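Have a look at the structure below, then the notes.
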Amino acid sequence: MNLTPRSILAVLALTLTLGAAAARAEEARVPVTAADHLAMARSYAGKATAARAEAAYHQEMAKAYAKEHPDRKSGARNPWTVEMEKHCKAIEQDAVKLAADDEWAARFHELRAKELEGK
């Protein structure tokens, strides 16, 4: 198996995401204090960054599939690569939406923390 730096990062990101999801399930609670809200804001900001990286990765994958594997006889594109290009574009769009939602949540928790601090 040929591991590129990008594939290693993707595996690491997935591992961290799954680990974070398991930890989150155990400690899910509503933030109460300003410090709680600031911690949530940092968490959401980190998730937004990861989602933007995921979107960029799949954007590059879609571009790679768009160029890949023309049929040698007819010049038509391989239907599997067409499907994979669509798949990657869909993941990219979902990741961009998730990043926007996470950024909104980070801003919300930052504002709520400031309210609680009286600022």
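Using the Cα atoms as the points, what is the convex hull volume per residue of the stretch 33-117 in Å³? List each step's numbers first, then the result.
Details: hull volume 4.7 nm³, N = 85.
Per residue, the Cα convex hull of the stretch 33-117 comes to 56 Å³.
Taking a 22 Å limit on the Cα-Cα distance, which of the listed pairs Lys63/Lys86; Lys47/Lys89; Lys47/Lys86; Lys47/Lys97; Lys63/Lys97 fall beyond it? Could the numbers behind the result be given before it?
Values: Lys63/Lys86 10 Å; Lys47/Lys89 20 Å; Lys47/Lys86 24 Å; Lys47/Lys97 12 Å; Lys63/Lys97 20 Å.
Long pairs (Cα-Cα over 22 Å): Lys47/Lys86.
Would you please give the residues with an amide H less than 5 Å from that of Asn78, counting only those at least 5 places away or on a separate chain, with H modeled from the backbone geometry?
Excluding prolines and chain starts, which carry no amide H, the hits are Asp71.
Values in this text are rule-based calculations from the coordinates and carry no lab data. Model, not experiment: these values are computed from the prediction.
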